[in-house]
Amino acid sequence: MGQDPLERVRQAVDALTAAELERYQAIADATAKTKNKAEVGRAAGISGSAVTQMLQRPAPKGPEMPFWGAGDGSLTIAVATKTEAPKDAAGPLGHVTATETIAAYECVRDLASQMGLAVNEREPIPPDGNVNLNRDGLVVICGPRLSPLVAQLLASDDVLRFIRDEHGWYLQDSHEKKQWRSPLDDGGGGDLGYLGRLPRPDGRGSFLYLGGIHAPGTAGVAHYLAGNLSELWPQVRTSRFSALIRCTLTPERRVESSERIAGPYMQ
């Protein structure tokens with residue numbers, strides 16, 4: 001049986017988009033090095049003035065752009081906060097964001113910006129976990145314990161699921177029939193996280209989700225996404241999916257490496 005014709009169309013569009021992006025970048029690099037647009041134009045089979053016009057236009061978007069679900073070209077990244085007592089015991093309680101969660105936000109922000117998306121200012125999720133999930137172009141960075149609403153939507157995943165017992169949180173993989181616990185819980189130098197696309201409560205779309213068993217795991221998920229989106233995109237496109245990410249950490253709990261160890265599971 002031949003290949004699905006719609007899949008052939010998708011692959012052809014991806015190939016053309018990738019070729020256009022590579023052509024633009026090659027011409028931009030050659031122009032920056034040689035400073036001779038006429039020479040670059042001859043190599044590209046176009047005129048020097050055409051090179052000038054090309055470089056005055058915005059760079060073409062990569063084929064992975066629809067991954068973000070940002071139809072209008074802008075992305076909102078909502079980030080978990082929690083309540084902590086101030087250093088001055090007499091002061092009021094404050095809302096803080098874990099250092100590793102901020103690192104995850106910055107990693108996703110930089111990746112999306114490099115791809116040409118306009119990233120809105122970081123949106124804090126209040127400690128009660130309430131966040132408007134019924135929006136296009138939304139990325140949520142928040143563990144399930146910090147948002148009951150997000151936890152409910154995570155429960156719709158039939159394969160990967162966050163579970164808590166007397167020993168703490170872990171990720172259950174029903175496909176592999178395996179429980180994945182964080183190495184951090186035993187003093188190790190690593191963590192685990194969940195990357196996926198979850199359904200919006202209004203049933204009119206989905207949003208991207210990153211969450212670790214602990215905060216470093218969330219940063220590990222962002223690290224993986226930044227290094228592997230081009231590989232992940234052909235597998236998941238704009239469908240709902242989930243994947244399990246493992247990361248190794250430095251003694252300062254910064255992400256050293258990351259890898260996908262399960263999934264992507266299509267929902």
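The numbers here are math on the coordinates, done by the rules we state, and not lab data. All values reported here derive from a predicted model rather than from experimental measurement. Note that each Cβ is placed from the backbone with ideal geometry, even for glycine, and that neighbours are counted across all protein chains shown.
Couple of notes before you dig in:
- Spin-label model, Thr250 to Asp72: label points 7 Å out along the Cα-to-beta-carbon direction sit 3.9 nm apart.
- Packing here is the average count of other Cβ atoms within 10 Å per residue, and on that basis the peptides 168-180, 143-155, highest first, run 143-155, 168-180.
- Relative contact order [Cα under 8 Å, 6+ residues apart], the chain, whole percent: 15 percent
- Helix-only [θ]222 nm of the chain, DSSP H runs n ≥ 4, -39500 (n - 2.57) each, per residue, nearest 500: -11500 deg cm²/dmol
- C-alpha long axis of helix 99-114 to longest principal axis of the chain, angle in °: 20 degrees
- Point-to-point label distance, Asp202-Thr238, nm (Cα→Cβ direction, 7 Å offset): 1.6 nm
- Listed peptides 215-226, 122-133, 42-53 by packing density, highest first (mean Cβ within 10 Å): 215-226, 122-133, 42-53
- Note on Ile46 and Thr34: the model spin-label points, each 7 Å out from Cα along the C-beta direction, lie 1.4 nm apart.
- Relative packing of peptides 259-267, 113-121 - highest average C-beta neighbours within 10 Å first: 259-267, 113-121
- Taking amide H atoms as placed 1.01 Å from N in the peptide plane, the amide H of Ala70 lies under 5 Å from those of Gly137, each 5 or more residues away in sequence or on another chain.
- Modelled FRET efficiency - R0 51 Å, Tyr24 with Gln179, Cβ distances, 0.05 increments: 0.65
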